[in-house]
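Peer 1: One structure, pasted below without further comment.
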Amino acid sequence: MDQQLLSKTAAAMVAKGKGILAADESSGTCEKRFKTVGVECNEENRRVYRGLLFGTPGIEQYLSGVILFDETARQKSNDGLAFPQYLAKKGILPGIKVDKGVIDVPFSAGEKLTEGLDGLQKRMKEYFDLGCRFAKWRAVITIGKDIPTHTCLYANAHALARYAAICQEASIVPMIEPEVLLDGVHTAERSEEVHEATLRATYAAMAAYNVSLEHLILKTSMVVSGKDNPRQAGVDEVAERTVRVLKRTVPAALPGIVFLSGGQSDEAATAHLNAMAAMKGLPWPLTFSYSRALQNPALKIWRGQAGNAASAQKAFHHRAQMNGLASQGKWRADLEKQAA
Ligand code: 13P
């Protein structure tokens, strides 16, 4: 375990004005996304699309890191460089998704548990050798009638902690992602309660497995109303609830916190981040680690056509720039209109 390297990586991940692109969609998720724009989801199209995003001119100004899927970490850019080296050359940290997706929690309908611990120590060493310097593991928490259960929170928290300890031993910074889904009719208040219980369980498990808090990045969902609830909490309410939960549960020793977008609209994800980052006196830097909220406009423009690549890159650059500003509390809605 190289503590110096871990500290350097963690600090770089949350460097001022930058955030992280999640480009680690599994092939199944990628298929869903490509289908919406009529693109066949094969290995070459996935390589071309990711190459387009990573090759966006000037994107390194706003991206500290990119989370890769296993396949992408072994693919090459058009100029023949392996993607992790290609990104590193641009000053962007290559990261890797290491979980293997979710299974049903036994005896608890509707709840999920993340798999992928078997053989992880060996895989981690390989990812380090491929150039990956941070990793991601996503746990999924669903809000519904009588769920989440203690069993689900406990099992996922322990898997997150075991994964995090394995990462740190391999000198790879763990990003732990307990995602509370926004699907459902629940209120923002209920989402706040569930986030609190989830994060409490998560940090109790980190302590139980001796995970070093100084070398750990939290990737969290925001406290928003359930997608099907007719009353949607506004930007200030989301920001207040989210920051209150984080202050209650996340140790100040953490080098930083990043957010997932989780199905929020592109602009809502930016506005929420901006409102939180503008708050004074937080113990951690806050920034983005979005997939959909960074990629949506670019994917819609690209549609698998090489001739659309430059316009798609422009749209991606814009979202990254807006979120870079939001991570410093410097975004304003009229900056979106100026660009449109
Ligand atoms: P979204 O921003 O689309 O939620 O994706 C982030 C992510 O990494 C999910 O695991």
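Peer 1: Toward the positive end of the charge dipole of the chain, about the Cα centre and with charges on Cβ (Lys, Arg +1; Asp, Glu -1), which of Ser221, Ala306, Thr151 goes farthest?
Peer 2: Ala306
Peer 1: Follow-up question, since we're still on this one. With charges set only on the Cβ (+1 for Lys and Arg, -1 for Asp and Glu), what does the dipole of segment 199-269 come to about its Cα centre, in debye to the nearest 20?
Peer 2: 320
Peer 1: Then there's this: Could you state the per residue volume, in Å³, of the convex hull enclosing the Cα atoms of segment 65-131?
Peer 2: 92
Peer 1: Also: Among Ile103, Ala88, Leu68, whose Cα projects farthest towards the positive end of the dipole of segment 66-116, with charges put on the beta-carbon of Lys, Arg (+1) and Asp, Glu (-1)?
Peer 2: Value computed over the given set: Ala88.
Peer 1: If N is the number of residues in segment 185-228, what value comes out of its Cα radius of gyration divided by 2.2 N^0.38 Å?
Peer 2: My calculation over the Cα atoms of segment 185-228 gives 1.41.
Peer 1: If you don't mind, there's one more thing I want to ask. Counting every Cα pair in segment 139-221, what percent are over 19 Å apart?
Peer 2: 35
Peer 1: Sticking with this one: If we restrict to alpha carbons, what Rg and Dmax does segment 78-210 come to, in Å?
Peer 2: For segment 78-210, the Cα-based Rg and Dmax read 16.7, 53 Å.
Peer 1: While we're on this one: With respect to the cross-link table entries Lys16/Lys112; Lys100/Lys247; Lys136/Lys227; Lys247/Lys314; Lys16/Lys89; Lys90/Lys227, which display a Cα-Cα separation exceeding 28 Å?
Peer 2: The pairs that break the limit, which is 28 Å between Cα atoms, are Lys16/Lys112; Lys100/Lys247; Lys247/Lys314; Lys90/Lys227.
Peer 1: Give the dimensionless ratio obtained when the Cα radius of gyration of segment 34-78 is divided by 2.2 N^0.38 Å.
Peer 2: 1.24
Peer 1: When all alpha-carbon pairs of the chain are counted, what percent fall beyond 25 Å?
Peer 2: 49
Peer 1: At each listed q (0.10, 0.11, 0.14 Å⁻¹), what is the log10 of I(q)/I(0) that the Debye formula gives for segment 1-153 modelled as equal alpha-carbon point scatterers?
Peer 2: -0.43, -0.51, -0.80
Peer 1: Based on the inverse mean of 1/r over its pairs of different Cα atoms, what is the Kirkwood hydrodynamic radius of segment 130-278, in Å?
Peer 2: Here the Kirkwood hydrodynamic radius works out to 15.6 Å.
Peer 1: Between Gln85 and His150, what length in nm is gained on full extension when 0.36 nm per residue of separation is reduced by their alpha carbon distance?
Peer 2: The Gln85-His150 span can extend by a further 19.2 nm.
Peer 1: Using a Debye calculation, one point per C-alpha and no hydration shell, please list log10 I(q)/I(0) for segment 232-285 at q = 0.14, 0.31 Å⁻¹ in order.
Peer 2: The Cα Debye sum returns log10 ratios of -0.36, -1.42.
Peer 1: Please report the equivalent ellipsoid semi-axes of segment 186-340, computed as sqrt(5 x eigenvalue) of the Cα gyration tensor, largest first, in whole Å.
Peer 2: Largest first, segment 186-340 gives 29, 18, 15 Å.
Peer 1: Shifting gears a bit: Could I have the simple spin-label model distance between Arg200 and Asp236, label points 7 Å from Cα toward Cβ, reported in nm to one decimal?
Peer 2: Here the answer is 2.9 nm between the modelled labels.
Peer 1: For Asp334 and Lys76 in one chain, what is 0.36 nm times their gap in residues minus the Cα-Cα distance, to one decimal in nm?
Peer 2: The span from Asp334 to Lys76 would gain 89.0 nm if fully extended.
Peer 1: Once amide H atoms are built 1.01 Å from N in the peptide plane, which residues 5 or more positions from Ile141, or in another chain, come under 5 Å H to H?
Peer 2: Long-range HN contacts for Ile141: Glu179, Val180, Leu181.
Peer 1: Another question about this same structure. In nm, to one decimal, how far is the modelled label at Ser311 from the one at Ala109, with both set 7 Å along Cα→Cβ?
Peer 2: 4.7
Peer 1: For the ranges 144-155, 166-177, 185-196, 29-40, what's the packing order if you count other beta-carbon atoms within 10 Å of each residue, average per peptide, and put the highest first?
Peer 2: 166-177, 185-196, 144-155, 29-40
All of the numbers you see were taken from the coordinates with simple rules; none came from a lab. Model, not experiment: these values are computed from the prediction. A quick note on method: Cβ atoms are made from the backbone with ideal geometry, for glycine too, and the neighbour counts reach across all protein chains shown.
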